[in-house]
Amino acid sequence: MAIPGLAYFFIFKYIPLAGNVIAFQNYNLFQGLFHSKWVGLDHFLTLFRYDDFWIIMRNSLKLGLYSIFFGFPAPLLLALLLNELRAMWLKRPLQTMLYLPHFLSWVIVGGIFSNLLEAKGWMNQMLHHIGIGPFDFLSNSASFLGTIISISIWKEIGWGTIIYLAALAGINPSLYEAATVDGASRIRQIWSITLPSLMPAIIVLLLLRVGNLLDANIEQMLMFLNPLVRDVGEVFDTYIYRVGLLDSQYSYSTAIGVFKSVIGLILLTLVNTLSKKTTGESVY
């Protein structure tokens, strides 16, 4: 049963790692990997000397940190709320409705929210009726990151609860029964039983998010990014898209990807070590 999954990771994740060698070459499609000119760290130096490098770094860090701070706890809170819901006739349909946005492509989601949030869209019309607005959700630098993070949470929050709900189903019911006999309230049971039982899953998922701190959802960013908010919305992934795919600078864009991976590995190692010393939970 594990062979298809292992084959997927080996073919599409591990074998392509060999292609990272072009980050140290002036890769030429016609000369190939073995005959392209070696340039060492030139592409990395070009990246660090790029005028907007620190702006892109700042934007990527802000987007990643905000996504973790606001987006990571959202599925956990929703899973706890669903776990407390005792009416099964309501719980099952509600879970299905929350899962559905995950299966919508970002093209569809982008079209929906672009219409909802435009100057004459439904959201601004509603704000106008209560004496607020119109407001530029997607063309205002002050609100752009908050808007796209909120949309991302709406789309993925239901799907993100699956692991937590599975972990919740594995908690021994006798622990709750004993706590009830001792007079523990529902809040106390969540704090003393549920959260400690979920801690291994929480730590693993958090470490995975930290390792991808500089990664943005490129489909989402391309759907919502526009010249008016490029000063806060230009991140490494959109920059790679522009220089790698549009300008065909394959070696340079690969060097940017390697740089992101190295930063992610360092962050993952640091946070994993910190987690092991403080909570005893870690990925390795």
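The values are calculated or read from the model by the stated rules, or taken from the named source; none is laboratory data. Source: prediction; values computed, not measured. Neighbour counts run over all protein chains shown; Cβ positions are idealised from the backbone, glycine included. For the accessible areas, the whole protein counts, side chains as well, though only heavy atoms, and no ligand, DNA or RNA atoms are used. Shrake-Rupley method; radii C 1.70, N 1.55, O 1.52, S 1.80 Å.
Data for the structure
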read-out: Inter-label distance, nm, simple model (7 Å from Cα along the C-beta direction), residue 92/residue 245; value: 4.1 nm
read-out: Percent carbon-and-sulfur accessible area, the chain, ignoring ligands, DNA and RNA, probe 1.4 Å; value: 69 percent
read-out: Spin-label model distance (nm) - residue 127 vs residue 13, 7 Å beyond Cα toward Cβ; value: 4.1 nm
read-out: Cα-based Lys pair tally, the chain, threshold under 30 Å, eight or more apart or on separate chains; value: 16
read-out: Estimated FRET transfer efficiency (residue 107, residue 81; beta-carbon r; R0 30 Å; 0.05); value: 0.50
read-out: Cα shape, the chain, gyration tensor, a/c 1.5 rule; value: oblate
read-out: Efficiency of FRET between residue 2 and residue 278 - r from beta-carbon atoms, R0 30 angstrom, step 0.05; value: 0.40
read-out: Helix 250-278 vs. the chain, principal-axis angle (Cα, 0 to 90°, nearest 10); value: 30 degrees
read-out: Helical mean residue ellipticity (222 nm; -39500 (n - 2.57) per DSSP H run of 4+; nearest 500) of the chain; value: -19500 deg cm²/dmol
read-out: Shape call, region 1-92: gyration tensor on alpha carbons, a/c limit 1.5; value: oblate
read-out: Estimated inter-spin distance, residue 72 and residue 135, nm [label 7 Å along Cα→Cβ]; value: 2.7 nm
read-out: Charge dipole (debye, nearest 20) of the chain; +1 at Cβ of Lys and Arg, -1 at Cβ of Asp and Glu; value: 420 debye
read-out: Separation of alpha-carbon centers, region 99-117 and region 130-166, rounded to whole Å; value: 11 Å
read-out: Solvent exposure of the chain as accessible area per residue, Å², 1.4 Å probe; value: 61 Å²
read-out: Calculated FRET value between residue 231 and residue 177, using beta carbons and R₀ = 41 Å, to 0.05; value: 0.15
